[in-house]
Structure formats: structure tokens, C-alpha cells
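The values are calculated or read from the model by the stated rules, or taken from the named source; none is laboratory data. Please read all numbers here as calculations on a predicted model, not as lab measurements. Backbone-built Cβ (ideal geometry, glycine too); neighbour counts: all protein chains shown.
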Ligand code: GTP
């Protein structure tokens, strides 16, 4: 890969503002992919099935391209980043390997909530930011207005703003020139020995772990990473021999070496997924190196139990989860067992979309058949002498029991930022209050706009409120105009209790919930109704109850059914009768016995998958 200079950059933007489309155009313009490959705008970098189906980027991908300008050849390494709030950890990780970022803003929508958060992440990392307004081909585009927003929000100089259409390709060559002219080359490190920052990895069935690395620059030729090099990990101190190095072009393309400042992949016979630590520093065996500062570990915000539908599949499920967490290090994993659902894993995610995507990837890529329990956030239970974090409702103490020793409970809260047209402000404030928001505040985003000015609304709101259906409501109540982002804002004391569900007087552990006093009645009634709908009738009457401590909050009664499923079939239909008995036997096999009540595994599936 002969080249004279290197630029490492990323595209950051609010969801759907056109990152993947721009990436396609850049790859085309540099001849990395042919027009045909991206002809139907299929977004070459969105490789995962879930990404193509949902049209969102989940996993940051890397691609290299070569661009010549004034007889200089530049190696440009593009690191694509996801736009959704749940994946901001991926964003900050990708940015660690870059020196600059294109901040892409949709000309019809203007600055949105994530535009602000990704801008701040990039700025904190000291990246050179190039503001780019996209979709100027659209009749509704208002580039002049967006320029004013960029100026007032980020102090951008209007002359620095590029205007493009990633769809038609208009102005995209100016983007490439700006990358070369404005973004600095990877900076030289003061330390001499070779270091490689491991910023991503995936598992290849034949070659083991493939790691994406960024090589620190010093300037000496012996800093090249070559096939055959002996390297070691600062984190595990394990040693490896480099089998292959190369660049993502945009598929893996082996090269003779990786040069200082470059981003590329290495295969070094790493057998176990767990050996590749994102944020780890790799170095040449024998050298004395200090590890580079790693990444802030991802902090799970939402937890859920994942269980195999067939309890015999647990080992397979656990292995699949392990493999998948290698490509997504922000997921935390623990074993969990439930008397109703058997062995499973308790996973921590960055948000509910993240959880949904992980579940879909398990199903798509690992053919897993699973049940996911209702999501919960991590609560703090404060005792006299210690504080315990509880992320599984079954472990939450019964606060009505005076011997529990609990002084108080606290729940995580977030600082939410909502950007919305002025006419929807009233609705939005109502929605926030209904979800227990506090410290509401608002100001104008584009001062001086004469019609439909936009407002930035901020508040603190319990994370558990956001985890449910807040986002959907926000979208529907603002006719799709509101954008939303949030950041961690610590913990707040709260009036919470554990709600359990009883079938015929027996508690179902997998269905416990932690609820705020204000929502107890409604939650209790909704869930009891849901259970009533999906639980099959038994030979006897079954009371279904929601309880907090000893107090019953809601109740439904499931009527008894007739014993013999064949009773209604008359005489001679022997085959039909046998078939019914067979069916009955088959479904018995998959029954879970909760006390005296038989519950098919599918019932759990229905309960937990209906909102
Ligand atoms: P995430 O990965 O989900 O964050 O989205 P993204 O930012 O990668 O956006 P993507 O490239 O998927 O584009 C979103 C939609 O906008 C797609 O339907 C694109 O075809 C469309 N789009 C992107 N750029 C342009 C443009 O310049 N003009 C027009 N008219 N449409 C565009």
C-alpha cells in the first residue's frame, strides 16, 4: 500500500443524517468500490443483517481508501460510527483511532440531539471537526438556517461549512480535500517502541480473533508491524506471532506491513474471544512499554435475563453470547438461574435498542431461540452499613418487611435533552412530567427564526421511565419531529417497591418487576390482564395476582377447563383422538410447573414479548 501520508477520520452525526450514504460515495470516489457495488444505495459498510433491515448502523466499521492529490498519495482510513444514543460507546471507541471527524447535519432537519452529543465526544477527544451539511438536494433543505445553528451551538465559522448531497455525490470531492487539508496526520508519539491500540475485534472461524488496531506513530521504519512479528498484550501479557496484517479495503486485504499511524487488522492466532481486550495495547516482545490509556469501560444502563426456550440449549446459548460479546464489548454478562426458566444469562446493555439489536443478532447470526425478560435498570439499595446495586428484580428486598434493614432505595436518573419545534413544547413538557421528570428547562436553538423555531428542552428523568416506551411516545406526540439524547446523571432517592406475580398463590420469579408508587396500580392491572390472556386454562381455577409485599394490587381469575381434550370427539375417529393425545403429550413436555400450574414455555415468550 504505497502512500505518502495518512489521515484517520470518522463521520459523526445524528441518526439517519446520511453517514453510511456518504461513506459509500467516498469509497466510490476513491475507486475503493465500484459504483455498481453501491448502486442501489445498499450501504456497503452496514454489513450486519439487523443493520440492513433496520437501516441503522450498529457496529462501527472501518474502511481504508487511497486518494491522490497534487501527486501525493494519501491513505485515508474511514471509521464509520453508529448514530443512535445507545451506541455512543462505539462512537467514543472509534474516535480514539482518529484525528478528525466529519460532523454531518441533515439540511432539512438541522442540528438534532445526537449531533450535539457526538460533537461533544469528538471535541473532548481533541479531534479536528469538519462541519458538513448533507441532503442539500432535497427541496425542504435549509442550509442557511443550519449554518446559523452550527454557529450558535458550536461556534463554527460559516466559511468552514461544506454543503453536499451524499445521495447525488454533489460536493463530496470537497469533503475528501477537506479531510486531507484540515485533518492533521496521526501525531507522533514521544515514545519510541511500537504500540498498537486494539480498538475493535471480531471472530473468524478459521483464523481466530481478528483485531483492528491503530499503530502509534514515531517515525522510524522499524515501527512497521509485519507478518512474523512477535507481539504481546499489555493486558494479559500473553504472546502471539503475527500471521497476517492488512487493511479493510473495504473487505480484509492482506498487506506486507502496517505502518506507523495506520489503522488496519491483524490476525495472530488468538484463539479465545476473551483474549482481545478493546482498549488494550499490543507491543513487540522484548520492548518496555506503558499501556496507552484504555477506554472508559461501558456502563450498562439496562439489564435483562436471556434464557433458551429449550432448557437443553443453555450451553449453546452461552457460547453464542460469548462470541457475540466479542464484537460488542459493551454488553456485560453473568449467569442467572430461574426456577421458571432454568439456566440463562443476565446481560447488561447500554439501552433498549441495544438490547433489541443484540437479541436479533443472537437469533439471526447464531440461530438462537430465546426468551428475554422485562428490562430493568440498576437500583441502589442502601442499608445501614453498605450499599448494594440490584439489577435483577428477584434480588430486590421486600421493603414492606420492617426487618429488611433497608434505609432507602435510589434509582438512576439521566439528564435528557430533547430538541423539538416550538409548537410541540407543551405536549413534550406534559410527557416529561408524566414520566416523573424534574428540573425542566428550555431555550431556543435558533434564535431569531421567525417561523417554527426549535427549542432545546432539558430535564432529569428516571432511567427506568426511558427504558419503557418514552421514546415511542416522544416520537408520536411530536409527529416524529422531536429528537432525544441522554447522559448519566447519577442516582436519586425514590419510592420504589418490588411487584411479584402469583399463580394459584405461587410466585413466578422470572416475572418480578420494580415499580414506582405512582405506577403500581396501572402496572399491576396491565400485567395481570396480560397473564390472563396467555396462560392456558388448567384443570382447576387459577387466581392470577400482582402483589407488593403482602398486599394484592390486582387480580384476575382463570377459569377451569375440561379435563379430556378428546371428550368432544365422538366414537370412531381413532386417528384424530390419538393425534390429540400426542399433541397433549408434546406440549406437556415443554410445560413449566409453577406450583401446581402448568405453564408452556411459549406463554413466557408471549408475556415478555408483548409490550
Ligand atoms: P444510521 O447509520 O442509522 O445512523 O444512519 P446514517 O446516518 O448512516 O444514514 P443513512 O446513510 O442510512 O441515510 C439515511 C437516509 O437518508 C437514507 O434513506 C438515505 O438514502 C438518505 N440520504 C442520505 N444522504 C442523502 C442526501 O444527500 N440526499 C437525500 N435526498 N437523501 C439522502
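Mind checking whether some residue in segment 48-56 is within 27 Å of residue 418 (Cβ to Cβ), in a strand (DSSP E or B) and either within 14 Å of the ligand (Cβ to nearest atom) or at pLDDT below 65 (or both)?
There is no residue in segment 48-56 that is within 27 Å of residue 418 (Cβ to Cβ), in a strand (DSSP E or B) and either within 14 Å of the ligand (Cβ to nearest atom) or at pLDDT below 65 (or both).
With the checklist (1) more than 13 Å from the ligand (Cβ to nearest atom); (2) modelled with pLDDT under 90 in hand, flag the one item residue 87 doesn't pass.
(1)
Got at least one residue in segment 95-104 being surrounded by fewer than 24 Cβ atoms within 10 Å (Cβ to Cβ) and within 16 Å of the ligand (Cβ to nearest atom)?
Looking through segment 95-104, none of the residues is surrounded by fewer than 24 Cβ atoms within 10 Å (Cβ to Cβ) and within 16 Å of the ligand (Cβ to nearest atom).
Within segment 144-203, can you find the residues that are more than 16 Å from the ligand (Cβ to nearest atom) and assigned to a strand (DSSP E or B)?
Scanning segment 144-203 gives 188, 195, 196, 197, 198, 199, 200, 201, 202, 203.
Quick check on my filter: what residues within segment 116-143 are buried (at least 19 other Cβ atoms within 10 Å of the Cβ) and within 11 Å of the ligand (Cβ to nearest atom)?
118, 132, 133, 134, 135, 136, 141
Restricting to segment 472-505, give me the number of residues that are exposed (fewer than 14 other Cβ atoms within 10 Å of the Cβ) and more than 25 Å from residue 17 (Cα to Cα).
Residues meeting the conditions: 4.
Of everything in segment 6-19 that's near the ligand (Cβ under 8 Å from one of its atoms) and either surrounded by fewer than 24 Cβ atoms within 10 Å (Cβ to Cβ) or free of Cβ contacts under 8 Å to residues at least 24 places away in the same chain (or both), which residue is farthest from residue 122 (Cα to Cα)?
The selected residue is 16.
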